[in-house]
Amino acid sequence: MVDRVRAYRWFHHNPVQVYAGAGAFRQFCQLVPEGRSLFVTSGGFTTRGLTEKILAQLGADDTIVHDRVRPNPDLDDLDDATAEYRDAKIASILALGGGSVLDTAKILSVTLANRTRSSLAEIFRQGRNRKWPEKIPVIALPTTAGTGAEVTSFATVWDRIGKQKFSLDNSQLFPRYALLDPCLTLTLSYRETLYGALDTMSHALESLWNRKRTPVSQALAVQSLRHVNDALRDVLEEPGSVNKRAQMQYASMLAGLAINQTRTAIAHSMSYPLTTYFDVPHGLACGFSLSSILRLVNALGVLPESGPFLRTIEELLDSLGLEDEMSGYASYEEVSGVIDRMYTPARAGNFIVDIDRNGIESILKESFRCRSSCRGTA
Ligand SMILES: [Zn+2]
């Protein structure tokens, strides 16, 4: 048998067709294939009348509405939804919402298309096979800017019973289309905007300080951070600016493309126990430690981008009052009890700096700005 030789240093692939700009939302009418559609969204959009508008376009007879998506999709809820729509002969899935809605749609696109396969509960609780040869095309309409889920091949599933978070990473999970319409993000609150931006910055920075970085992921990440640096303060003050909202959407998508190549790293690894145990929203949970990690990376000089640009990003992060945001969820003393759960090799191992429990503890202390007062408490 001939040994397979890896004859390349890196590759880049992303099959999602993206349509962007004010009004891009309406493009779904042209893109949706023949047959019955499953419209996945959250209850808020139905209350605000958007579901009705979608049904008017797609035809109520040809559309099933699933508007019960809650934040952090739970695997039992997803198995229930799969059972509910299993016999509905769904030909396409239209997803309108934030990361949880897009992840739900992406997961249903494979669980509904492969009906004889194991349930998510069997896959994650019993370690069953998770091959999904078939998929239903997904049209993603993000209404937040942050997750980049519209262009990634992963989805996050939470197990509320087992208090665990699982990641699905499978090329079948790529949406077929992503429609980036900044007008869909105009009503985001200050916090939704800020936490989304933090998730974008986390993705961009995590793909930069990543052992798997490529020239393409690097370019995408830097461009993403440039957009955030240019638009975030303005959009927080002037939430109705379509141009600034568009920049935040591009930033989110570019960072999504970047992590799709590299996967995430230390900040995401540290974030998951914060969400599982203290309900810290994802963007804040991973954005909270970025400034401290960036200071470490800048001090070590391990990134070619180190220097004025990343110091500007560090200043931007320091100006956002994240300690106050975090104090609403947990204190350093509380968080220090779950430090041991913050190192997950699949993510933290991507970080270009070798790090152990002590390293994570100092990043956390620095993030809580309690370098002197917390000493000896953990
Ligand atoms: Zn994230």
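Quick note: the coordinates plus some simple rules give every number you see, no bench work behind them. The structure displayed is predicted, hence computed values, not measured ones. For neighbour counting, all protein chains shown are included, and Cβ atoms are generated from backbone atoms with ideal geometry for every residue, glycine included.
Among ILE64, PRO308, SER118, whose Cα projects farthest towards the positive end of the dipole of the chain, with charges put on the beta-carbon of Lys, Arg (+1) and Asp, Glu (-1)?
SER118
Give me the percent of DSSP beta bridges within the chain that run antiparallel, rounded to the nearest 5. Numbers along the way, then the final one.
On the way: 7 of 28 bridges.
Rounded to the nearest five, the antiparallel share is 25 percent.
So for PHE154, PHE288, fewest C-beta neighbours within 10 Å to most, what's the order? Kindly include the intermediate steps, with their values, before the conclusion.
On the way: PHE154 20, PHE288 28.
The most exposed by this proxy come first: PHE154, PHE288.
Would you count, across the chain, every pair of lysines whose alpha carbons are under 24 angstrom apart, provided the pair is eight or more residues apart or spans two chains?
Lysine pairs satisfying the spacing and distance rule in the chain number 12.
Could you please rank TRP158, TRP132, placing first whichever residue has the fewest other Cβ atoms within 10 Å of its Cβ? Show your work: numbers first, answer last.
Working: TRP158 24, TRP132 19.
With the fewest neighbours first, TRP158, TRP132 line up as TRP132, TRP158.
Have a look at the DSSP beta bridges in segment 17-184 and tell me what percent are antiparallel, nearest 5. Walk me through the numbers on the way to the answer.
Values: 6 of 27 bridges.
Antiparallel bridges make up about 20 percent of those DSSP assigns within segment 17-184.
Over the chain, calculate the relative contact order: mean separation of alpha carbon pairs under 8 Å at least 6 apart, over the residue count, as a percent.
Working: 681 pairs, mean separation 56.0, N = 378.
Computed over the chain, the figure is 15 percent.
Going toward the positive end of the dipole of segment 190-367, with +1 on Lys and Arg Cβ and -1 on Asp and Glu Cβ, which of LEU198, LEU294, GLN261 do you reach last?
Positive-end residue among those listed: GLN261.
If I model a spin label at LEU186 and VAL216 as a point 7 Å from the Cα along the Cα→Cβ vector, what separation in nanometres do I get?
So the label points at LEU186 and VAL216 sit 3.5 nm apart.
So how much slack lies between SER171 and ILE64, counting 0.36 nm per residue of separation and subtracting their Cα-Cα distance, in nm? Working shown, then result.
On the way: separation 107, 0.36 × 107 = 38.52 nm, distance 2.55 nm.
The span from SER171 to ILE64 would gain 36.0 nm if fully extended.
Quick check on the exposure proxy: order SER153, SER167 from fewest to most C-beta atoms within 10 angstrom.
If I rank by nearby Cβ atoms, fewest first, I get SER167, SER153.
Find how many whole Å separate the alpha carbon centroid of segment 70-90 from the alpha carbon centroid of segment 1-64.
17 Å
When the Cα centres of segment 320-363 and segment 178-197 are compared, how far apart do they sit, in Å?
27 Å
Would you mind getting me the FRET efficiency between ARG233 and ASP340? Use the beta-carbon distance for r and R0 = 41 Å, nearest 0.05.
Values: r = 37 Å, r/R0 = 0.90.
Efficiency at R0 = 41 Å is approximately 0.65.
Taking the Cα centre of the chain as the origin, how large is its charge dipole in debye, to the nearest 20, when only Lys and Arg (+1) and Asp and Glu (-1) carry charge on their Cβ atoms?
With only Lys, Arg, Asp and Glu charged at Cβ, the dipole is about 1080 debye.
Taking the Cα centre of segment 190-367 as origin, sum charge times position over the Cβ atoms of Lys and Arg (+1) and Asp and Glu (-1), and report the length of that vector in debye to the nearest 20.
On the way: 15 positive and 22 negative charges, 159 e Å.
So the magnitude is around 760 debye.
Sum up the charges of everything whose Cβ sits under 15 Å from the Cβ of LEU205, counting Lys and Arg as +1 and Asp and Glu as -1, but leave LEU205 out.
Working: positive: ARG211, LYS212, ARG213, ARG226, ARG263, ARG295, ARG311, ARG347; negative: ASP199, GLU206, GLU305, GLU314, GLU315, ASP318.
Cβ neighbours under 15 Å give a net charge of +2.
Which shape class, rounded, prolate or oblate, goes with segment 261-354 when its Cα gyration tensor gives a ≥ b ≥ c as root eigenvalues, a/c under 1.5 marks rounded, and past that a/b bigger than b/c marks prolate? Display every interim value, and only then the final one.
Values: a/c = 2.15, a/b = 1.30, b/c = 1.66.
It comes out oblate by the Cα gyration axes.
Please work out the C-alpha center-to-center distance from segment 135-151 to segment 282-297 and express it in whole Å.
With segment 135-151 and segment 282-297 each reduced to a Cα centre, they are spaced 24 Å.
Please list 10-20, 83-93, 242-252 highest first by mean number of surrounding beta-carbon atoms within 10 Å per residue.
Values: 10-20: 13.6, 83-93: 15.4, 242-252: 23.5.
So the order, starting with the most tightly packed, is 242-252, 83-93, 10-20.
Quote the FRET efficiency, to the nearest 0.05, computed for ARG128 versus ASP87 with a Förster distance R0 of 25 Å and r equal to the Cβ-Cβ distance. Can you show the working numbers first?
On the way: r = 22 Å, r/R0 = 0.89.
About 0.65, to the nearest 0.05.
Provide, as a two-decimal number, the C-alpha radius of gyration of segment 33-122 over 2.2 N^0.38 Å, N being how many residues it has. Numbers along the way, then the final one.
Working: Rg = 12.5 Å, N = 90, 2.2 N^0.38 = 12.2 Å.
Output field value: 1.03.
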